[in-house]
Amino acid sequence: MATMRDIKRRKASIESTEQITKAMKLVATVKLQKSRTRAENSRLYFNKMYRTIQEMLKKSQGIEHKYLKAGDSKKKAVIVITSNRGLAGGYNANIVRLVAGSGISMEDAKIFAVGRKGRDGLSRKGYEITADYSEVINEPLYSDAMQITKELLALFEKNEIGEIYLAYTSFKNTVSQIPKLIKLLPVDAQASEPADDGAEASMQKPDLLLMNYEPDESEVLDAIIPKYMSSLIYGAFLEAVASENGARMTAMDSATNNAEEMISKLSLQYNRARQGSITQELTEIIAGANAIEG
């Protein structure tokens, strides 16, 4: 049975931990407000960019382009976006689990890690970490997405990789973040996300028209698809940062509540032990007095 000193020490330790989790929750809350605003403000643009490319390709027929067909290489590049820090619940583990269960074999996967937690988690599982951009996720910029796009497209054109995927966490709300794996290249015209009823209805009639390119489709696709990739990657950065802060805020709130419950239980144990100690001392005093009188 734990002594009063042991209970007191443990209670003090948990109180110290509670102060840390409270502080981390407050920091995550402030960061979440900023990152959530950025993610929500940019989401419409990136979704529109995605749908525009898909609709453009649907209206085009018989186009032969390097970005529209898989390369000869069996290697698949996977951009994995996680965080550089832990204490965010299952945020990082969910992305690692998503990539591991994606159906992309470990031998064919080339991981381009954005975030140390994802890099370390996949490395322990035996995945090849081809490049590490972990510092990018601290303060993501559009120029970072452009640089990653440039390097991946260079590998794609050299047939060192045949497909490019993006694994990130989509921010839904403070307590819900959804891990996603989407295919960036080769661009698949049938992979467009469903639009709302009004938007879908408005697009049905124009779908019958063919797309005209000026000066020609090759030059247009060479210019627009890298921007399309950069936009999706940057959008994923913003979604991931908001998701990380939301997950950390929720995790720290739960940890704080658990600490409060443990402190309450330890206080009760301490009071019971203290009461038992006082009772024992009184019993010994009374027994001693009776022995002297007898």
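What the table shows:
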{"quantity": "Region 107-149: relative contact order as a whole-number percent, Cα under 8 Å and 6+ apart", "calculated": "41 percent"}
{"quantity": "Computed over region 24-250: relative contact order in percent, which uses C-alpha pairs under 8 Å that are six or more apart", "calculated": "35 percent"}
{"quantity": "Per-residue [θ]222 nm for the chain (sum of -39500 (n - 2.57) over DSSP H runs n ≥ 4, rounded to 500)", "calculated": "-21500 deg cm²/dmol"}
{"quantity": "Residue among Arg124, Arg38, Arg116 with the largest mean-square fluctuation in a Gaussian network model of the chain, springs linking Cα atoms under 10 Å", "calculated": "Arg124"}
{"quantity": "Highest-MSF residue in the chain out of Gly62, Gly89, Gly162 [GNM, Cα springs under 10 Å]", "calculated": "Gly62"}
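Bear in mind these aren't lab numbers, they're just calculated from the coordinates by the rules spelled out. Note that the structure is a prediction, hence the values are computed from the model and not measured.
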